[in-house]
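Peer 1: What follows is a structure written as structure tokens; I'll ask about it next.
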Amino acid sequence: MISFLLIANALMFVLQLFAFEPLLLHFALWPAGTPDVIEQDGQLVRVPSFEVWQLLTYGFLHGGLLHLFLNLFAMWMLGVQLENAWGSRLFAVYYLVCVVGAGLIQLAVASYGVMNDEIYPTIGASGGVFGILLAFGMMFPNQRLIFLLFPVPIRAKYFVIGYGAFELFAGITGTMAGIAHFAHLGGMLFGFLLIQYWRGKLPLRPRRRVFWW
């Protein structure tokens, strides 16, 4: 599954080089409740509308080579161990739930911004990647990770807690504008809820537990 995700994201990025605007218009995650047209530079410009498939397709588009590399590197580095532990089917379900969950949270945030005339699309696999990070921290809490921009080894559980706290702070304060911090948190939240469901820790329980750790 990891190989498929890496190849699919890379191929989509190549396609973006030739058809970025059409892909952005139809497959990026656009907020709900947008007007049909807005005035921009003295001209009326059509605004794309939200479509349900965008909750998944936005996760396969990226804003640049660095954006793509960072997401795919983290996906490969952390996701391989999870897929080996869970199997490809469960990993695929988990990743897609995180992508869609992150999309739902970001949809709510972006749609609220429409009331303040803030209309923008969301792209990137980061919501799914942050879900992977959360699961990795829960499964391998004491394994040491090194953040590329801060090359000091830190246990996975502390890395996840620290990164999650930073994303919450950045989202509330508007730090590092242009990054979908709440989508990252949404990926972690939905990943946590799915894991707790699989573990039988929620009121709605599965027929059998999937993980024991």
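Peer 1: Please compute the net charge surrounding residue 121, taking Lys and Arg as +1 and Asp and Glu as -1 over other residues with Cβ under 14 Å from its Cβ.
Peer 2: Values: positive: 46; negative: 21, 51, 118.
That works out to -2.
Peer 1: On to the next question. Please compute the per residue accessible area over the stretch 77-164 with all protein chains in place, 1.4 Å probe, rounded to a whole number of Å².
Peer 2: Details: 4110 Å² over 88 residues.
So the stretch 77-164 comes to 47 Å² accessible per residue, rounded to a whole number.
Peer 1: On the protein heavy atoms, probe 1.4 angstrom, tell me the percent of accessible surface of the stretch 49-121 carried by carbon and sulfur. Could you put the intermediate results ahead of the total?
Peer 2: Details: 2460 of 3520 Å².
The nonpolar share, carbon plus sulfur, comes to 70 percent.
Peer 1: Take the alpha carbon atoms of the stretch 1-31, find their center, do the same for the stretch 61-135, and report the distance between the two centers in whole angstrom.
Peer 2: 13 Å
Peer 1: Follow-up question, since we're still on this one. Provide the per-residue ³J(HN,Hα) series for the stretch 151-158, in order, calculated from phi with Karplus coefficients 6.51, -1.76, 1.60 and θ = phi - 60°, each as a whole number of Hz, with x at glycine and proline positions.
Peer 2: Karplus-based 3J(HN,Hα) across the stretch 151-158 equals x, 10, x, 8, 4, 4, 5, 6 Hz.
Peer 1: Further question on the same structure: How large are Rg and Dmax for the stretch 84-163 when only the alpha carbon atoms are used, in Å?
Peer 2: Cα only, the stretch 84-163: 15.6, 45 Å (Rg, Dmax).
Peer 1: To continue, here is another question. Using a 1.4 angstrom probe on the protein heavy atoms only, line up 26, 62 by accessible area, largest first.
Peer 2: Values: 26 95, 62 0 Å².
Putting 26, 62 in descending order of accessible area: 26, 62.
Peer 1: Counting only the heavy atoms of the protein chains, how much of residue 112 is accessible to a 1.4 Å probe, in Å² to the nearest 10?
Peer 2: Approximately 150 Å² of residue 112 is accessible to the 1.4 Å probe.
Peer 1: Run the Debye formula on the Cα coordinates of the stretch 1-198, all scatterers equal and no solvent, and tell me log10 I(q)/I(0) at q = 0.11, 0.12, 0.14, 0.17 1/Å.
Peer 2: Cα-only, vacuum Debye calculation for the stretch 1-198: -0.51, -0.60, -0.81, -1.16.
Peer 1: Also: Expressed as a rounded percentage, what relative contact order does the stretch 1-198 have, with Cα pairs under 8 Å and six or more residues apart? It would help to have the intermediate numbers written out before the result.
Peer 2: On the way: 284 pairs, mean separation 48.1, N = 198.
24 percent.
Peer 1: As an exercise, take the mean of 1/r over every pair of distinct alpha carbons in the stretch 1-106, invert it, and state the Kirkwood radius in angstroms.
Peer 2: Kirkwood hydrodynamic radius for the stretch 1-106: 15.4 Å.
Peer 1: Further question on the same structure: For residue 201, tell me the accessible area in Å² from a 1.4 Å probe, rounded to the nearest 10.
Peer 2: For residue 201, the solvent-accessible surface is approximately 120 Å².
Peer 1: Ok, one more. Largest first, what is the accessible-area ranking of 161, 132 with a 1.4 Å probe? Before the final figure, lay out each step's value.
Peer 2: On the way: 161 115, 132 0 Å².
Listed by decreasing accessible area, they come as 161, 132.
The values are calculated or read from the model by the stated rules, or taken from the named source; none is laboratory data. On a predicted model such as this, the values are computed, not experimentally measured, just so you know. In this analysis, Cβ positions are derived from the backbone assuming ideal geometry, glycine residues included, and neighbour counts consider all displayed protein chains. The area values use the complete protein model at the heavy-atom level, side chains included, leaving out ligands, DNA and RNA. Shrake-Rupley method; radii C 1.70, N 1.55, O 1.52, S 1.80 Å.
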